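To start, the structure itself, in structure tokens.
What follows draws every value from the coordinates through simple rules; no lab data is involved. A quick note: this is a predicted structure, and the numbers were derived from the prediction, not measured. Positions of Cβ are generated from backbone atoms using ideal geometry, with glycine treated the same way; all protein chains shown enter the neighbour counts.
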Amino acid sequence: MGPTVRRVLGDQASSVLVSASGVLIPLSALLLVGSLVLVGRRVTPAGAAAGA
């Protein structure tokens, strides 16, 4: 593969990653909040204070 082809493919891959980050960053924040809510429902304050 020549350097021009590699450059074109690299630019396209970079633009895909930049475009995907616009979707993936909010999605990761939503997953983080969702996991915190799920863990928060399972943890009891008495158990957390006792270190159990």
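DSSP loop trypsin sites (Lys or Arg not before Pro) in the chain with at most 10 other Cβ atoms within 10 Å of their Cβ, which ones?
none
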So how compact is the chain: Cα radius of gyration and Dmax in angstrom? 21.4, 65
For the stretch 2-17, in residue order, the Karplus 3J(HN,Hα) values (coefficients 6.51, -1.76, 1.60; θ = phi - 60°; whole Hz; Gly and Pro = x) are x, x, 5, 5, 4, 5, 5, 5, x, 5, 5, 5, 5, 5, 5, 5
